[in-house]
Amino acid sequence: MITIIIADDQTLMRDGLETILSLEDDMTVVSTANNGEQVYNLVKEHRPNIVLMDIQMPIQDGIRSSEAIKRDFPETVILILTTFSDEDYIVEALVSGASGYLLKDMPGDKLIESIRDAAKGQLMMPASIAAKLANRLSFLSGTSRRFFDPSKAPSKQTEFTEREQKIIALMIKGKTNREIADTFFMSEGTIKNYISVIYGKIGVNDRTKAVMYLKKIFAE
């Protein structure tokens with residue numbers, strides 16, 4: 001059973017999430033909180049598997065609360081669930097120890113799937129968030145080798161990790177996410193995260209276009 005605490009200062013959001021999650025046989029909401037200080041105390045009391053954490057809350061925000069929880073209860077998995085997609089928030093949340101960064105406009109079934117994957121130790125974030133994070137990390141690292149911008153000549157490419165290059169090779173061969181996951185003995189959710197980062201590095205969000213661009217890059 002996945003035990004969950006919901007932290008959000010909006011009553012409607014808390015109640016709605018609790019209703020949705022309580023319908024799942026493998027999940028139970030053990031408590032809810034409306035501020036960062038309260039959620040810390042509730043984690044101390046209940047020791048949940050997952051905390052769904054909003055960022056902007058009174059008394060103590062979700063970032064500071066996440067830092068405190070991960071410091072004292074490192075086994076607790078924190079998923080940020082917010083309306084804010086700012087790059088600074090994303091970086092701060094991951095630095096604070098969050099295992100995922102989700103947006104409140106995501107479908108309910110995707111949220112449930114993300115909670116299950118996070119409980120298994122996977123890093124969770126939608127493609128749009130992964131793309132922003134990849135762009136920020138690329139900027140901070142100052143790496144420009146192999147950078148590819150679809151609006152420019154394909155000769156300007158981005159740097160990919162060894163694992164990303166192996167995944168790209170299988171994408172180019174037409175392998176599905178499931179087939180790629182089986183190849184690396186990973187979950188399909190983890191492969192989706194890798195592919196989201198790859199999308200972010202080349203500036204596209206469509207698999208067909210991505211494969212077309214990647215073929216050009218690796219043909220050089």
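The HN-Hα couplings worked out from phi for the stretch 13-24 by the Karplus form 6.51 cos²θ - 1.76 cosθ + 1.60 (θ = phi - 60°) are 5, 4, 5, x, 5, 4, 5, 4, 6, 5, 6, 8 Hz, whole numbers, x standing for Gly and Pro.
Here the stretch 2-124 is assigned +1 on the Cβ of each Lys and Arg and -1 on the Cβ of each Asp and Glu. Its dipole about the Cα centre then comes out at about 320 debye.
Along the axis of the charge dipole computed for the chain (Cβ charges of +1 for Lys and Arg, -1 for Asp and Glu, origin at the Cα centre), the listed residues Asn49, Asn35, Ala118 are led at the positive end by Ala118.
Here the stretch 1-103 has an Rg and Dmax of 12.3, 36 Å, counting Cα atoms alone. What is the dipole size for the chain, taken about its Cα centre, with +1 at each Lys and Arg Cβ and -1 at each Asp and Glu Cβ, in debye to the nearest 20? In debye, rounded to 20, the chain gives about 1340. Estimated purely from DSSP H runs of n ≥ 4, each contributing -39500 (n - 2.57), the mean residue ellipticity at 222 nm for the chain is -16500 deg cm²/dmol once divided by its residues.
Legend: distances between Cα atoms for Lys70/Lys175; Lys70/Lys166; Lys110/Lys173; Lys104/Lys192; pairs beyond 30 Å are Lys70/Lys175; Lys70/Lys166. Between Glu37 and Asp88, what is the FRET efficiency for a Förster distance of 25 Å, r being their Cβ-Cβ separation, to the nearest 0.05? Calculated transfer efficiency: 0.65.
Applying 1/(1 + (r/R0)^6) with r as the Cβ-Cβ distance of Lys44 and Lys120 and R0 = 22 angstrom yields a FRET efficiency of 0.35.
Bear in mind that the values in this text are calculations on the coordinates, not laboratory data. This one's a predicted model, so the numbers in the text were calculated from it and none came from an experiment. Cβ: placed from backbone, ideal geometry, glycine included. Neighbour counts: every protein chain shown.
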